[in-house]
Amino acid sequence: MSQTPLVIPNPQDMRQYSAAVRAAGQRVGLVPTMGALHQGHLSLLDYTAQHSDRLVVSIFVNPLQFNQQSDLDNYPRTWERDLELCAGRGAHVVYYPGVRDMYPQGFQTTVSVAQVSQGLCGAYRPGHFDGVTTVVLKLFNAVMPHLAAFGEKDYQQLQVIKRMVADLDLGLEVVGRPTVREADGLAMSSRNVRLSPAERQQALCLWRGLNRARSLVRAGETQTPVLAEAARAEIAATPATKIEYVEIVDSTTLEPLASLDDRRARLVLAVWVGGTRLIDNMALN
Ligand code: AMP
């Protein structure tokens, strides 16, 4: 089913659209993105299309969540292709606000989730999750979805958003979907286009590290320092990589775990490959 989606450029028109859909008793589904769409995004579109009557895809490169101006300036922007992909997946609306529509003169409110956004990426990217929660709440307020889908690829982001939705009684369903990978295991990411051919090969050490830990778990290992060290060693053995963190945490609170025991554990990591920062994660039990 291919249709040209309606492009809605501001929060006011978006609310009006969704209010009418809701009044007609239909379900609104939202997939928030920063564009440069790939198969990972498309898996979220497909899931959301199946579980709602109206699929809204938002495309907004959010300046608030970038730590470096150069990262924002160089973020891939592929509008025409994104629109085609959305059409191909049956999206009804592409919500495409400009920076001034989202953050008009005088804007000064921040939404901040305290604990779950502090460690891991939060520790290395000050203010990043405040930028994410602020924009996502604004997207929720404009789109008024019944359902919003996010990728487990950005695992901490997913937990932070779930916490915000529960804490603020937003009354919508947040669904986390599995990470979509390239055939060789690399997690798909809009930033992967920045990897040189050599770095693209080196980047596979993240996947190897995750799998190394998981195979030790399958062999009976439960001590998280042993598991994390095994993943770290696999990554550190690859040239041109710099580990930011490799940690094993509770899969909901993201608190560090000393052993697997009966807690649900997630191995989460962030690694620089050359000038590109990559993240990945895996359930361990
Ligand atoms: P982004 O455009 O990077 O902000 O991502 C938009 C949404 O797509 C977020 O919920 C991401 O977690 C999700 N996403 C990004 N990469 C993947 C992937 N490889 N697999 C599944 N979901 C993904």
Tell me which residues, restricted to region 1-52, are surrounded by fewer than 18 Cβ atoms within 10 Å (Cβ to Cβ), among the small types (Gly, Ala, Ser) and within 16 Å of the ligand (Cβ to nearest atom). none
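Would you kindly identify the helices (runs of 4 or more DSSP H) lying entirely within region 56-109 that contain at least 3 residues that are surrounded by fewer than 14 Cβ atoms within 10 Å (Cβ to Cβ)?
Per the criteria, 69-73, 79-88.
Here's the yes/no breakdown for (1) touching a His at 6+ places or on another chain (Cβ under 9 Å); (2) of a type in the set (A, V, I, L, M):
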{"site": "VAL31", "(1), (2)": "yes, yes"}
{"site": "LEU55", "(1), (2)": "yes, yes"}
{"site": "LEU85", "(1), (2)": "yes, yes"}
{"site": "ALA91", "(1), (2)": "no, yes"}
{"site": "CYS121", "(1), (2)": "yes, no"}
{"site": "HIS128", "(1), (2)": "no, no"}
{"site": "VAL132", "(1), (2)": "no, yes"}
Please enumerate the residues belonging to region 156-203 that are touching a strand residue (DSSP E or B) at 6+ places or on another chain (Cβ under 6 Å) and among the acidic types (Asp, Glu). GLU173, GLU199
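For region 77-84, indicate whether the set of residues that are in contact with a Phe, Trp or Tyr (Cβ under 7 Å, 6 or more places away or on another chain) and touching a residue at least 60 places away in the same chain (Cβ under 8 Å) is non-empty.
Looking for residues that are in contact with a Phe, Trp or Tyr (Cβ under 7 Å, 6 or more places away or on another chain) and touching a residue at least 60 places away in the same chain (Cβ under 8 Å), one finds none in region 77-84, hence no.
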Which condition number does PRO145 fail, the rest of (1) more than 15 Å from the chain's Cα centre (by Cα); (2) surrounded by 15 or more Cβ atoms within 10 Å (Cβ to Cβ); (3) within 16 Å of THR276 (Cβ to Cβ) being met? (3)
Where the second residue is within 8 Å of the ligand (Cβ to nearest atom) and assigned to a helix (DSSP H, G or I) and the first is in contact (Cβ under 8 Å) with a residue 24 or more places away in the chain and under 22 Å from VAL28 (Cβ atoms) and lies in region 144-168, which pairs have Cβ atoms under 6 Å and are six or more apart or on separate chains? ALA149/LEU44; PHE150/LEU158; GLY151/GLY40
Can you tell me how many residues in region 10-36 are assigned to a loop (DSSP other than H, G, I, E, B) and in contact with a strand residue (DSSP E or B) (Cβ under 8 Å, 6 or more places away or on another chain)? 4
Quick one: LEU158 ticks every box in (1) touching a helix residue (DSSP H, G or I) at 6+ places or on another chain (Cβ under 9 Å); (2) closer than 30 Å to ARG100 by Cβ; (3) away from the ligand (no atom under 12 Å from the Cβ) bar one, so which box is it? (3)
Any chance you could count how many residues in region 90-121 are aromatic (Phe, Trp, Tyr) and under 20 Å from the mean Cα position of the chain (by Cα)? 2
Any residue at all in region 136-145 that is part of a helix (DSSP H, G or I), within 24 Å of GLN69 (Cβ to Cβ), hydrophobic (A, V, I, L, M, F, W, C) and near the ligand (Cβ under 10 Å from one of its atoms)? yes
Checking GLU182 against (1) more than 18 Å from SER251 (Cα to Cα); (2) at pLDDT 95 or above; (3) within 16 Å of the ligand (Cβ to nearest atom); (4) touching a Phe, Trp or Tyr at 6+ places or on another chain (Cβ under 8 Å), only one condition comes out false. Which one? (4)
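The values are calculated or read from the model by the stated rules, or taken from the named source; none is laboratory data. Keep in mind it's a predicted model, so treat the numbers as computed, not measured. Heads up, the Cβs are rebuilt from the backbone with ideal geometry, glycines too, and the neighbour counts pull from every protein chain shown.
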